[in-house]
Every structure is written in structure tokens, then in C-alpha cells.
Amino acid sequence: MRSSTVYLRQRVKAVLNQAMEDLKADGVVPAEVQVQPDVEHPTSPEHGDYATNAAMKLAKPCRQSPKAIAEKLKIKLEARGQGILARVEVAGPGFVNLYLHPSALMQELQSVRVRSEAYGTDAWGAGRRLLLEFVSANPVGPLNIVSARAAAVGDTLARVLRSQGVHVEKEYYVNDAGNQAKLFGRSLYARWRQSLGEDVPVPEEGYQGEYVAACAAECAQARAAELKNASVEQAAEIFRSEGVARMVASHRHDLAEFGVEFDHWFSELTLHESGQVQAALDDLKTRGYIFEHEGAIWFKSTEFGDDKDRVLIKADGVPAYIAADVAYHRNKFNRGFTELVDIWGPDHHGYIARMKASMQALGHEADAFRVLIAQQVNLMENGQPVAMSKRAGIFITMADLIKDVGRDVARFFFLMRSTDAHLDFDLDLARKHTDENPVFYVQYAHARICSILRKAAGEGWVLCEANATPELTQPWAPEELAVIRSLTSLPEILEAAARNLEPHGLAFYLRDLATEFHRFYTVCRVLDSEDKKRSEARLALIDAIRIVLRNGLDLLGIGAPDSM
RNA sequence: GUCCCAGUAGCUCAGUUGGAUUAGAGCAACGGAUUUCUAAUCCGUUGGCCGCAGGUUCGAGUCCUGCCUGGGACACCA
């Protein structure tokens, strides 16, 4: 289904490579010279559809001026670019500007409709097996805003990577083994006893929010029979396991509401029970990165650039959190994944070095394990940050946010920022169902197109076959050419987003494409009975725009409505 | 004290891994456009010492060093 298509920019690159080979054959460029020239869109369209710095990169190894090489390259490009390039120009310090042949643009436009929902997909990522872990919140309370951000980014990243042929599985790590889970169990237990009129205090550092009492009641009802004769310790354990299970279920539910579904939910407890924590320890020991000191067992993480060595097994014999985490990531590799990507919250920044160290100690390449930090989110209302206090139980959850502004808006706002930058979430703007809200702006473009297509169908207009190039006697208008050029950028946008693990470029791209469409719409009437040929061509054009908008919105996990 | 992230228009942010005498959007402000396929639209104007100072080279918002400011992290917690 994912046939390998050569997109427009790749065709241009291929022409450039051929031209450079020709220069080698002529002896202009020494055979051993290897350069990777950039082919990019110039800032100003007057400088061509694409421009390359190949001549500047070749200048030094060839010991010639960039301009001289550019002139020679130009001749080869003109010969090799038949049917793709209309014009080649040398400019500035040695740039070579490439102007597309109109027929190449038309072919690409046709390709959008032929490939339809597969337009933009590629296969360069085939063969990679990547495990993407994100959210992984402690199952002791509702998901917060940062989790929502991580969910949006992780889910879209998975979709984008898959579109490029990478095999991706999404995983959620359930911290059901540690102190937090225990503390949660005891908090639930206390709340239950309180509800029975007894004076049992919630433990210090325990969980206070309103949801705790509600969860305690549900747990008590579900496990009533077992609780009847349980000791305090047994009861706390029952509340721990039941409470965690219910929290995990609610996380799963809330995430599904947000359009995010995981392939795996991985329990920390199973690592301990199956002996994998010990196995990881033994592995590190065999490799010589373990030592004992003051009754604790340490990992020599400083060997791999960490600030200090880290305790794996505490002096009391209990494994530290990181011991299970090392075992967990070792497990991921053992399952056959060749790349691990984690998305963590901002408070785990300092944790990266030691985890990377542990994976290197286990023999993996440094960049086989990568961590993205989903930075802090400030909810803004009336220009002020919304006050939140976890301690007092006053905080806006992911579920609250989605209920408030809607799933599409929430996702788009999170995906409009680079992941590792702080984000001010403008609630007032998010709530507006007007043109100021960028989500609706993009969706409106899609709906507008659908509306025209409906009208066209009703009036008996013919939407030409996907593989038929519309014939035109008059040249395309500038607004038409601009939007066609934008269309052809989707493949490179997706490739960049996947390679850099930065999905936000896609959101910006869609907004820009919507702008190009709206501009076109204002100037060019699609259905014009005076000019049937042009109308048919424009119908094909807006159909292609519809496809690209829809593909992009799908990858963002956002709806593409037919009408608004 | 050490480390990480950020600092670009009044506000929120892009800037394609160093490229073009002209650094871009959105919002806000001001002025225009609709007998039309959806005005949830479009066009125009105003707005900048890219935190500061050096350095690297043909070329720096982008890379290096130092400093300033904001946020975060620095457990035998998870």
C-alpha cells in the first residue's frame, strides 16, 4: 500500500545529483569529493522554486570560486532538467536558483489526487523499529495538562513516523510498584475509613484531592468481600491494587477521548515479579559497571558522562526507581526495538543523563535512546496564569481541558509549539469559535472546499479523473501557482517532522496552506459557467488541496469537517 | 554552587541543522474589500540593535566563550 513515490523535490534532487556526477565525469569536480548540498525553498519566490548551495559547498574541495562552479553546474542542470526545470540561474555568492517547469507542477498536482490519502507517505523509514513511550503518569491521580501535551505530541509523532515507513509502537509505562502507588493505597484506605465515620488520617505526603474519596468509595464497593476480614496492611494493599487499576482505566478512557490509544500498557510490577530487575543488574555487573558502597549497590554512570554515580539498590535492599527503569528500557531493546524514544515531563530533565548512561553501559549506541521533554504548560485566562495547586487539590485536569475547549483545539494548540519550549495556553482564544482561532481557520478551509465540491456535484460539474491533467489555454493565476507550490511541500514537511521528532512544523504548514487557499478563493472563482475548462481545472485543484489538508489534519489527530 | 531549556514586533511564537542588501506568521491596533462557490474570509498600514559583549569565516537569529534575565533540574523520592 505504501508504494515508493518520487516526490517533486526528490526529483529535483536527483537532477542535481546527476548534474554533479556529470561535473565529475568532466573532471571539474575531483572524483573523491563528496558533498551533501541542500535543496531548499528560497525566502523570496523570485529566487526560484528551489535553490541549492551545491556550488558553494564544492568550491573549497575543487579550489575554484563558487561562481565558476555554479556556472558549470548550471549548464549540466539545464541538460539534465528537461521537463522538470524551466530555468536555472546563478545568483548571489554562488547560489543556483531552480525554476520549475509548469508541467512538473501539474504532474505533482495530479500525483496528489492519484495517491490521495497516501500523498505525503514515504518509505525511507522502513526497517526501523521504534518504541515510543509517553504520558506514563503515575496511576495515583487524574492526568494533568503536561500529560495532555505529551499525549498530543506523542500520538502525532507516532502517526508521522508511521507515515514515513517507520514501525512504531506506542507504550504507556504504569508505575504500579513504587512508593507512590503504596501511598495512594494508604490514602484510599484512610478515606474509606473516614467515610465510615472513623478518625483515620491520610498519611503525610498522601493524596488529598476530591477524587481520592470518590475512588476510595468505588474500590470499597468493588472489593467489599475481601475488605471484610482484612488487616490494615492487607486492606491498604487491596486499595493500592484496586485504586491503581481504576486510575489506569480512567487514564485509558481520558486518553481515548483525546484520540490517543496505546499499543501496550506496561506494568512496572511485572519487571520485579519476573526477575528482570535483577537480570538488568546482573547484566550491568557482568559488564563491569556495578560497585558496592556503604551498603548500597551503585551504577558507574559517570563512565558515560553523568555528573555522579547512581544508587540502584538502596542500603535497605529496596531497588531505587531507576533500577526498574533500567530493566524496563533493557526490556524494550530485548523485544526487538532498535530505537527508543521517551517523552518526559519537565521535572525529569536531570534524569536523562543517567538513563542514557545505563543504555550505553548495556552496549547500545548513545542515540538509540532519545528523550524529548514536553515542557511546562501555563494555562492563561484573562492574561493571567490560572492558579493551580496540587496540594490543595485545585488543578485543571486533561479531561477538564478537553471538555472546556474540545479535543481538536487542545491538540492543535499543543502541536503548534515546539515540544521543548514552555507553552502559554491561551484559554480565552481556545474557547473562541471564530476566525481568530487557528484550528477553525484550517478546518474552515477544508469545509469550504467540501462545500464547493457539493455545489459542483449538484450542478452537474465534472470532477476530472485523478490521472487526467486539466488542459488550460490560459496560464494559471499567481494565487493558483502559489497554492500548488504549497501543496507539493507536504512530503518534505513530514520527512523533516519525522527525522527531527518535531511535529509542530506540520501545524504551521497547514495554517499556511489554509491561508494560500483562502487567498486563492477570494481571487479565483472556481465554478464559472463562462469558462468550463478552467472550472474543471480548479475543481481538480481544490480537490487536491482538500486531500492535503485532510492528510495533514489526520496526522495531527484533528477532524476535517465537511461543513461548519 | 553545578547542569539543562529559553530570551526574536505591544502579546504568543516560527525561522528548514551556517545562506541571498528585505528576519517571518498569528493575535492586538488602525484603514479597506462582499449583488459571489460558506465573511469562521481576503487586502493594506503601523510595529525589530534577533537579551548584552566578544570570537570563528566568504556569510551568524542559527556555531564557540563570557555575562545578564526568566523557568526547571540537581535524593540511598518516584
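If you bin every alpha carbon distance in chain A into 20 Å steps from zero, what whole percent lands in each bin?
Taking all Cα pairs of chain A, the binned fractions are 18, 41, 30, 10, 1 percent.
Given the rule -39500 (n - 2.57) for each run of at least 4 DSSP H residues, summed and divided by the residues of chain A, what is its mean residue ellipticity at 222 nm, to the nearest 500 deg cm²/dmol? It would help to have the intermediate numbers written out before the result.
Values: 21 runs with 286 residues, N = 564.
Helix contribution divided over all residues of chain A: -16500 deg cm²/dmol.
Work out the FRET efficiency for A:SER451 and A:ASN138 from their Cβ-Cβ distance, taking R0 = 51 Å, and round it to the nearest 0.05. Numbers along the way, then the final one.
On the way: r = 47 Å, r/R0 = 0.92.
Between A:SER451 and A:ASN138 the formula returns 0.65.
For segment A:8-100, with every protein chain kept in place, what is the accessible area per residue (1.4 Å probe, Å²)? Before the final figure, lay out the partial values.
On the way: 4840 Å² over 93 residues.
With the other protein chains kept in place, segment A:8-100 gives 52 Å² per residue.
Taking amide hydrogens as modeled 1.01 Å from N in the peptide plane, which residues meet the under 5 Å criterion relative to A:PHE369, leaving out close sequence neighbours?
A:LEU340
If you average the C-alpha positions of segment A:118-132 and of segment A:482-507 separately, how far apart do those two centres end up, in angstrom?
Each part's Cα centre sits 15 Å from the other's.
All other residues with a Cβ under 13 Å from the Cβ of A:GLU436 taken together, and with Lys, Arg as +1 and Asp, Glu as -1, what is their net charge? Each step should come with its number before you reach the end.
Working: positive: A:ARG431, A:LYS432, A:ARG511; negative: A:ASP426, A:ASP428, A:ASP435.
Computed value for this residue: 0.
Extending each Cα 7 Å along its Cβ direction at A:SER563 and A:GLN82, get the distance between those two points in nm, one decimal.
Each label point is offset 7 Å from its Cα along the Cβ direction, giving 5.2 nm.
Round to a whole number: what % of the accessible area of chain A belongs to carbon and sulfur, probe 1.4 Å? All intermediate terms of the calculation are to be shown ahead of the outcome.
Numbers: 12670 of 25930 Å².
Percent of accessible area from carbon and sulfur atoms in chain A: 49.
Say a paramagnetic label sat at a point 7 Å from the Cα of A:ALA31, along Cα to Cβ; which residues of segment A:52-76 have their backbone N under 19 Å from it?
Correct set: A:61-63.
Taking 30 Å as R0, compute the FRET efficiency from the Cβ-Cβ separation of A:GLU226 and A:LYS314 and round it to 0.05.
Values: r = 31 Å, r/R0 = 1.04.
Efficiency for this residue pair is about 0.45.
With a 1.4 Å probe and all protein chains in place, put A:GLU71, A:GLU46 in order of accessible area, largest first. All intermediate terms of the calculation are to be shown ahead of the outcome.
On the way: A:GLU71 95, A:GLU46 145 Å².
Most to least solvent-accessible, the answer reads A:GLU46, A:GLU71.
Name the helices (complete DSSP H segments) of chain A with a Cα length along the long axis of 18 Å or more and a Kyte-Doolittle mean of at least -0.5, or state none. Mind showing how you got there, number by number?
Numbers: long enough: A:8-25 (26 Å, -0.40); A:66-80 (20 Å, -0.45); A:102-115 (20 Å, -0.21); A:145-163 (27 Å, 0.74); A:179-195 (24 Å, -1.06); A:210-222 (19 Å, 0.63); A:232-257 (37 Å, -0.32); A:321-334 (20 Å, -0.56); A:438-458 (30 Å, 0.41); A:504-523 (29 Å, 0.04); A:532-556 (36 Å, 0.20).
Within chain A the helices that satisfy the rule are A:8-25, A:66-80, A:102-115, A:145-163, A:210-222, A:232-257, A:438-458, A:504-523, A:532-556.
Which distance in Å, rounded to a whole number, links the C-alpha centroids of segment A:24-38 and segment A:170-227?
69 Å
Got a sec to turn the phi values of segment A:124-141 into Karplus ³J(HN,Hα) couplings, 6.51 cos²θ - 1.76 cosθ + 1.60 with θ = phi - 60°, whole Hz, x for Gly and Pro?
These are the phi-based 3J(HN,Hα) values: 5, x, 4, x, 7, 10, 10, 9, 10, 10, 8, 6, 6, 6, 4, x, 10, x Hz.
Collect residues whose amide H, placed 1.01 Å from N in the peptide plane, falls under 5 Å from the amide H of A:LEU312; neighbours closer than 5 in sequence don't count.
When sequence neighbours closer than 5 places are left aside, the close amide H contacts are A:ILE297, A:TRP298, A:PHE299.
Using amide H atoms built in the peptide plane, which far-off residues or other-chain residues are under 5 Å from A:ALA86 H to H?
Counting only residues 5 or more places away or on other chains, the set is A:TYR99, A:LEU100, A:HIS101.
Work out, step by step, the length gained on full extension between A:GLU210 and A:ASN382: first 0.36 nm times the residue separation, then minus their alpha carbon distance; give nm to one decimal. Walk me through the numbers before you get to the answer.
Numbers: separation 172, 0.36 × 172 = 61.92 nm, distance 2.67 nm.
Net length gain for the segment: 59.3 nm.
Would you kindly state how much longer the chain becomes between A:ARG370 and A:GLN278 on full extension, computed as 0.36 nm times their sequence separation minus their alpha carbon distance, in nm to one decimal?
On the way: separation 92, 0.36 × 92 = 33.12 nm, distance 2.42 nm.
Extending this stretch completely gives an extra 30.7 nm.
Please give, to one decimal in nm, the separation of the simple spin-label points placed at A:PHE508 and A:SER418, each 7 Å out from Cα toward the Cβ.
If labels sit at A:PHE508 and A:SER418, their model points lie 0.9 nm apart.
Have a look at segment A:8-100 and give its Rg and Dmax from the Cα atoms, expressed in angstrom.
Using the Cα atoms of segment A:8-100, the pair Rg, Dmax is 11.9, 35 Å.
Ranked from highest to lowest mean number of other Cβ atoms within 10 Å per residue, what is the order of the peptides A:300-313, A:93-106? Present the calculation step by step, with values, prior to reporting the outcome.
Working: A:300-313: 16.9, A:93-106: 19.1.
By packing density, highest mean first, the sequence is A:93-106, A:300-313.
The values are calculated or read from the model by the stated rules, or taken from the named source; none is laboratory data. Just so it is clear, the structure is predicted and the values come from calculations on it, not from any experiment. As a convention, Cβ positions derive from the backbone with ideal geometry for all residues, glycine included, and neighbour counts pool all protein chains shown. SASA here: full protein model, heavy atoms, side chains in, ligands and nucleic acids out. Shrake-Rupley method; radii C 1.70, N 1.55, O 1.52, S 1.80 Å.
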